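Notes follow the structure.
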Amino acid sequence: MPELQRLHPDHAPAVLAFELANRAYFAASVSDRGDAFFDRFSERFEALLAEQETGLCAFHVLLDDDGSVLGRFNLVDLEDGTANLGYRVAQHAGGRGVATTTVRELCRLAVTRYGLRRLRAATAHENIASQRVLSKAGFVAVGPADPADIGGKRGNWYQRDLVEGDGD
């Protein structure tokens with residue numbers, strides 16, 4: 001059974017493998033990370049861990065039984081009880097409810113572990129799969145997103161107000 005874990009140094013090889021294996025798939029719906037991301041992956045990964053230590057972000061990986069990464073689920077800009085949610089799921093895991101189940105679990109953790117009251121997520125208009133995930137996880141559209149927030153694409157912000165007991 002897949003397990004959601006907070007990002008730690010031992011995850012680096014599996015995260016890199018996940019990003020490389022799914023690069024073209026992700027680029028179809030979100031901006032490509034670019035060659036520099038992969039060329040400097042170790043530095044970038046260390047920077048993520050350092051950023052997480054500040055408490056401003058909480059990065060997670062969804063691990064399959066074999067230790068491979070099925071998805072990345074992140075809470076960024078944790079401030080005043082609110083955070084922005086971002087996620088990406090491996091192509092081979094898409095369409096099986098993995099993202100929806102994990103976003104719901106992250107909503108529960110947002111309340112119980114991080115003390116958050118609201119999550120926001122932006123998605124491009126053409127990213128129908130992500131819109132469905134957010135809707136199924138209780139998010140509602142709240143207005144247009146600045147294209148700078150979603151890689152230069154047009155889209156919307158979605159929001160979910162959290163309550164104690166979410167995900168139970």
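So which residues in the range 28-59 are more than 21 Å from L75 (Cα to Cα) and in a helix (DSSP H, G or I)? Even if it seems obvious, please write down each step before you answer.
Taking the range 28-59 first, the residues more than 21 Å from L75 (Cα to Cα) are 28, 34-36, 38-40.
Answer for the range 28-59, where residues must be more than 21 Å from L75 (Cα to Cα) and in a helix (DSSP H, G or I): D35, A36, F38, D39.
Any chance you could count how many residues in the range 73-86 are in a strand (DSSP E or B) and surrounded by fewer than 21 Cβ atoms within 10 Å (Cβ to Cβ)? Steps first, please.
Applying the first criterion (in a strand (DSSP E or B)) to the range 73-86 yields 73-79, 82-86.
Going one step further and asking which of them are surrounded by fewer than 21 Cβ atoms within 10 Å (Cβ to Cβ), we end up with 74, 76-79, 82, 84, 86.
Number of matching residues: 8.
When residues of the range 133-168 are filtered for being modelled with pLDDT under 95, closer than 17 Å to A110 by Cβ and out of contact with any strand residue (DSSP E or B) (no Cβ under 9 Å at 6 or more places or on another chain), how many remain?
5
Can you pull out every residue in the range 49-67 that is surrounded by fewer than 17 Cβ atoms within 10 Å (Cβ to Cβ) and touching a residue at least 40 places away in the same chain (Cβ under 8 Å)?
Result: L49, D65, G67.
Only one of E126, E105 is modelled with pLDDT of 95 or more and either under 21 Å from A14 (Cβ atoms) or out of contact with any helix residue (DSSP H, G or I) (no Cβ under 9 Å at 6 or more places or on another chain) (or both); which?
Just one listed residue meets the conditions, E105.
Yes/no matrix, rows are residues, columns are (1) over 18 Å from A99 (Cα atoms); (2) modelled with pLDDT of 90 or more; (3) touching a helix residue (DSSP H, G or I) at 6+ places or on another chain (Cβ under 7 Å):
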{"site": "E3", "(1), (2), (3)": "no, yes, no"}
{"site": "R6", "(1), (2), (3)": "no, yes, no"}
{"site": "P9", "(1), (2), (3)": "yes, yes, yes"}
{"site": "P13", "(1), (2), (3)": "yes, yes, no"}
{"site": "A17", "(1), (2), (3)": "yes, yes, no"}
{"site": "F26", "(1), (2), (3)": "no, no, no"}
{"site": "S31", "(1), (2), (3)": "yes, no, no"}
{"site": "D35", "(1), (2), (3)": "yes, no, no"}
{"site": "F45", "(1), (2), (3)": "yes, yes, yes"}
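The values are calculated or read from the model by the stated rules, or taken from the named source; none is laboratory data. Everything numeric here is computed off the predicted structure, so don't read it as measured data. Please note: Cβ atoms are built from the backbone with ideal geometry, for glycine as well, and neighbour counts cover all protein chains shown.
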